[in-house]
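Notes to accompany the following structure.
The values are calculated or read from the model by the stated rules, or taken from the named source; none is laboratory data. Quantities reported herein were computed from a predicted structural model and do not represent experimental measurements. A quick note on method: Cβ atoms are made from the backbone with ideal geometry, for glycine too, and the neighbour counts reach across all protein chains shown.
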Amino acid sequence: MRRIMLTVAYDGTDYKGWQIQPDVETIEGILDAELSRLLGEDIRVIGASRTDAGVHAEGAVAVFDTNSKIPADRFSFALNRSLPDDIVIRKSEEVAPDFHPRKVNCKKTYRYSIWNDVFPMPTNSRYTHRVYLQLDIDAMRKAASFFKGEHDFAGFCSASTDAVSTVRTIYDINILTGDGACPEKVADTGSKDRIYHGRIDIYVTGNGFLYNMVRIIAGTLIDAGAGRIAPDDIPDIIASRDRYRAGDTAPAKGLTLVGYEF
């Protein structure tokens, strides 16, 4: 028996998340079906994470066991011939038989993408959350800095979490801006700090994340940029462990699982 690891990219718009569910299409369900058909075995993949409905991925990871003699690097080519266009196997490789992607220490990176302008941009509307308010990027970056390190993130997860512990470590958090913004920029605000930035990408790297944690951090940083939360209040908000003091859960479509460092 061999264990094969897949690196998977997908547009999650039309799927009900990663985890297999009855009567709906999921990423796991499609991979199971296509691998079983290809190999003539009953294949069940094990994912490193279970993304929600509408969330995307560039470097999701899953493993499966097989008796097939197909060279490990050829599974990607074989699968991509039959998978739908919005799911792509970027890499396939053999790993140790006892390798389990959810039971090893790793760094995981997510990106939350915002389109900051008066009007939406049709070419990226499936992958960004539009914020029509002018945002102060410096305030967002200052607020973001307080999330780094080990904290109890109980106030930054949905009530439905089944996590044994709500303590997590964020190794790095960066906010990058793009272009294509509304040309008026500071019009009508009286503030030189808040402008339209076009694309804003929030990259968060940690040792693991609670249910909706990155989306709640993104919502909180949007509030900081809009002046609804003072950046210096973030440590108290984290320490309070009070979900109602943090920002809203930002929409799923802006979130992308970038990848892992094992």
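Got a number for residues in the stretch 125-135 being farther than 9 Å from TYR196 by Cα and crowded, with 19+ Cβ neighbours inside 10 Å?
3
Which count do you get for residues in the stretch 213-244 that are under 19 Å from MET140 (Cβ atoms) and either buried (at least 17 other Cβ atoms within 10 Å of the Cβ) or under 22 Å from the mean Cα position of the chain (by Cα) (or both)?
19
Listed residues GLU93, GLU150, GLU58; which is farther than 30 Å from VAL167 by Cα, among the acidic types (Asp, Glu) and modelled with pLDDT of 95 or more?
Among GLU93, GLU150, GLU58, only GLU93 is farther than 30 Å from VAL167 by Cα, among the acidic types (Asp, Glu) and modelled with pLDDT of 95 or more.
Take the stretch 110-124 and flag every residue that is loosely packed, with under 15 Cβ neighbours inside 10 Å and touching a residue at least 12 places away in the same chain (Cβ under 8 Å).
Residues satisfying the conditions are VAL118, PHE119, MET121.
Counting just the residues of the stretch 1-59 that are free of Cβ contacts under 8 Å to residues at least 24 places away in the same chain and buried (at least 17 other Cβ atoms within 10 Å of the Cβ), which one comes out farthest from ASP86 (Cα to Cα)?
Within the stretch 1-59, the match that is farthest from ASP86 (Cα to Cα) is ILE43.
Tally up the residues in the stretch 60-109 that are crowded, with 18+ Cβ neighbours inside 10 Å and under 30 Å from LYS148 (Cβ atoms), please.
6
In the stretch 70-82, is there at least one residue being closer than 19 Å to GLY259 by Cβ, hydroxyl-bearing (Ser, Thr, Tyr) and in contact with a helix residue (DSSP H, G or I) (Cβ under 6 Å, 6 or more places away or on another chain)?
no
Restricting attention to the stretch 220-250, which residues are small (Gly, Ala, Ser) and under 30 Å from VAL104 (Cβ atoms)?
Of everything in the stretch 220-250, those that are small (Gly, Ala, Ser) and under 30 Å from VAL104 (Cβ atoms) turn out to be ALA246, ALA250.
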